[in-house]
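**Q** Questions regarding the structure given below will be posed in turn.
The values are calculated or read from the model by the stated rules, or taken from the named source; none is laboratory data. Remember, predicted model here, so these are calculated numbers, not experimental data. Methodologically, a virtual Cβ is constructed for each residue, glycine included, from the backbone with ideal geometry; neighbour enumeration extends over all protein chains shown.
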């Protein structure tokens, strides 16, 4: 995988290239990023660049024997570790290495739920267990087969058991020419003993314009649709791809009309909307609610006078401006809370007709009658 194949993240790419050019590659690095921002493909491209035999100042060559093996993830000095679901037949990560390679080669932007879907997970918990830690130590104790640098990329070290402390010595004092790259999403969930032994590389979420251009190029979306999807994706290509995979719904139009129904206390219309929403399917319902939550957060920024921070597409911005004449911060907070609860219950297979009708009636109470749920009326004064 080459840097040029990775969506956005130009600043991070430049930083990584510079560390190699200046010969200051830290032996243990933590790539910390939100889900869907490209940390895993960046780690692979970085490792490929370090071991490329004909690298340029901008990228690996993609043609030498090392690069060709990296492109297929079969280089003998490239190792992976990742959460898996232990069973009688699966003791360590390499037992599902073929599935891992296929997953990454198919699309390197994925999360644990997508990875779980490729395995026989049943109801097991994912983790990186003590057997895996011992296997890592064993693999890295060998001399490099071909490359100058052995590389271990660990995806989601948050799932290391406490037995992961077995890796402390090899991380702190690794064999010669060994590079650890940990790819994480939540710094607080990583063992502090491991965290303290790594150099953190922070990778930001993708800019909306980058996601928008990706959607236009990949899926040939209209600019209007790409703007709406990029707003909903919130910097994550995982979310963007999920939206492309789902049936297209007019989230912006439906949500604005839903709020108008509530303001007008149009109960028959809301009951008809409930029937429509129930027919969308669970993923589309979750995306709709997520759009509403994000949209109202932007409304909250408008109400706070932080117009410059608002990221809404132009047509949605005008709708939000009009809504600020009806809503206040306490109402926005209360509605977001109702939508978040609905999203939670949809994920757990709640009856969508009952759920959307209940939320609709709550919206009437909040918007039309300005009656806030208990516990929220004193948030703002």
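**Q** Do we have any residue at all in the range 348-358 that's out of contact with any helix residue (DSSP H, G or I) (no Cβ under 7 Å at 6 or more places or on another chain), assigned to a loop (DSSP other than H, G, I, E, B) and farther than 23 Å from residue 294 by Cβ? I'd like the intermediate steps shown before the answer.
**A** At the first step, the residues of the range 348-358 found to be out of contact with any helix residue (DSSP H, G or I) (no Cβ under 7 Å at 6 or more places or on another chain) are 348-351, 354, 358.
Right, trim to assigned to a loop (DSSP other than H, G, I, E, B) and you get 348-351.
Right, trim to farther than 23 Å from residue 294 by Cβ and you get 349, 351.
Yes, the range 348-358 has at least one match.
**Q** Let me ask something else about it. Answer yes if at least one residue in the range 368-378 is in a helix (DSSP H, G or I) and at pLDDT below 95, and no otherwise.
**A** Yes, the range 368-378 has at least one match.
**Q** From the list 242, 262, 272, which one is in a helix (DSSP H, G or I) and touching a residue at least 60 places away in the same chain (Cβ under 8 Å)?
**A** 262
**Q** Within the range 124-138, work out how many residues are touching a strand residue (DSSP E or B) at 6+ places or on another chain (Cβ under 7 Å) and in a loop (DSSP other than H, G, I, E, B).
**A** The total comes to 1.
Residue-wise test of (1) buried (at least 18 other Cβ atoms within 10 Å of the Cβ); (2) assigned to a loop (DSSP other than H, G, I, E, B).
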site: 74; (1), (2): no, yes
site: 79; (1), (2): yes, no
site: 104; (1), (2): yes, no
site: 116; (1), (2): no, no
site: 143; (1), (2): no, yes
site: 146; (1), (2): no, yes
site: 152; (1), (2): yes, no
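**Q** Can you spot a residue in the range 217-233 that is farther than 30 Å from residue 24 by Cα, within 24 Å of the chain's Cα centre (by Cα), touching a residue at least 24 places away in the same chain (Cβ under 8 Å) and not in a helix (DSSP H, G or I)?
**A** no
**Q** For the range 1-47, how many residues meet the condition of being farther than 23 Å from residue 72 by Cα, in a helix (DSSP H, G or I) and within 20 Å of the chain's Cα centre (by Cα)?
**A** Counting residues in the range 1-47 that are farther than 23 Å from residue 72 by Cα, in a helix (DSSP H, G or I) and within 20 Å of the chain's Cα centre (by Cα) gives 3.
**Q** In the range 48-72, what count of residues is obtained for those that are in contact with a helix residue (DSSP H, G or I) (Cβ under 7 Å, 6 or more places away or on another chain) and not in a loop (DSSP other than H, G, I, E, B)?
**A** 7
**Q** If you go through the range 183-196 one residue at a time, do you hit one that is in the same structural domain as residue 172 (by TED's automatic domain parsing), at pLDDT 90 or above, in a strand (DSSP E or B) and over 14 Å from the mean Cα position of the chain (by Cα)?
**A** no
**Q** Applying the selection to the range 303-323, what residues are surrounded by 15 or more Cβ atoms within 10 Å (Cβ to Cβ) and part of a loop (DSSP other than H, G, I, E, B)?
**A** 310, 311, 312, 313
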